[in-house]
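The next block holds one structure in the form of structure tokens; read it before the comments.
The values are calculated or read from the model by the stated rules, or taken from the named source; none is laboratory data. Just so it is clear, the model here is predicted, and its values are computed rather than measured. So basically every Cβ, Gly included, is an ideal-geometry build from the backbone, and we count neighbours across all protein chains shown.
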């Protein structure tokens, strides 16, 4: 049977079920509160490879977008990430992450001086490359793979931080904002699939890209987990 937008989205949902990123031990131990404070701090520093470097990802999608109408949509995403003026009361998303890191005891200077583990470095290289290689593949990786699971799990991570590590609602604003913003981002991804996937080959590329991106994210989380568990 030939793939359509609907059947491709259904296939993507199955890929996410078979590769559940938030079933990773890194996140289950975060959720259970079994990471020590120092281990949590290391985790927060390493995971910063995404929110602190987001301009390398969304920005490349904007540049490579071939359609003026959709460039506007991607520009809105870049604008929100960079300014927070749509969902975060004018606080950029990287500043929200800095605020969260400070709440768990990491200074701004230490956060930006993080020596990232090999898996985090590899993911940044992969994600930057896929976002500028081809618009359809970049959208698939960014919005149909990486961001799609976030709305369902951001509140769980925030709850764990409040329950096990004593953070306040204000401290975990980064996660509550991303529940809303990333749901909007993933919606844009679905619309773009309708616009830019026109052939069976296109749909197959989308599925392959989603699977590969989730594999790369698992590789990153494996590496971060090993780094975190090495902290005494």
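Considering every residue within the range 54-65, establish whether at least one is free of Cβ contacts under 8 Å to residues at least 12 places away in the same chain and either more than 23 Å from residue 191 (Cα to Cα) or in contact with a helix residue (DSSP H, G or I) (Cβ under 6 Å, 6 or more places away or on another chain) (or both). No; the residues of the range 54-65 include none that is free of Cβ contacts under 8 Å to residues at least 12 places away in the same chain and either more than 23 Å from residue 191 (Cα to Cα) or in contact with a helix residue (DSSP H, G or I) (Cβ under 6 Å, 6 or more places away or on another chain) (or both). Looking only at the range 9-49, which residues are without any contact (Cβ under 8 Å) to a residue 12 or more places away in the chain and not in a helix (DSSP H, G or I)? 34, the sole residue that qualifies.
When the range 67-104 is limited to residues that are in contact with a helix residue (DSSP H, G or I) (Cβ under 6 Å, 6 or more places away or on another chain) and closer than 26 Å to residue 222 by Cα, the one that is surrounded by the fewest Cβ atoms within 10 Å (Cβ to Cβ) turns out to be 104.
Mind listing whichever residues of the range 197-232 are within 18 Å of the chain's Cα centre (by Cα) and more than 18 Å from residue 14 (Cβ to Cβ)? Across the range 197-232, the qualifying residues are 216, 219, 220, 221, 222, 223, 224, 225.
Helices (runs of 4 or more DSSP H) fully within the range 83-162 that include at least 3 residues being over 26 Å from residue 228 (Cβ atoms), within 18 Å of the chain's Cα centre (by Cα) and in contact (Cβ under 8 Å) with a residue 12 or more places away in the chain: 135-139.
For the range 4-19, state whether one or more residues are modelled with pLDDT of 90 or more, over 16 Å from the mean Cα position of the chain (by Cα) and within 24 Å of residue 226 (Cβ to Cβ). Yes; the residues of the range 4-19 include at least one that is modelled with pLDDT of 90 or more, over 16 Å from the mean Cα position of the chain (by Cα) and within 24 Å of residue 226 (Cβ to Cβ).
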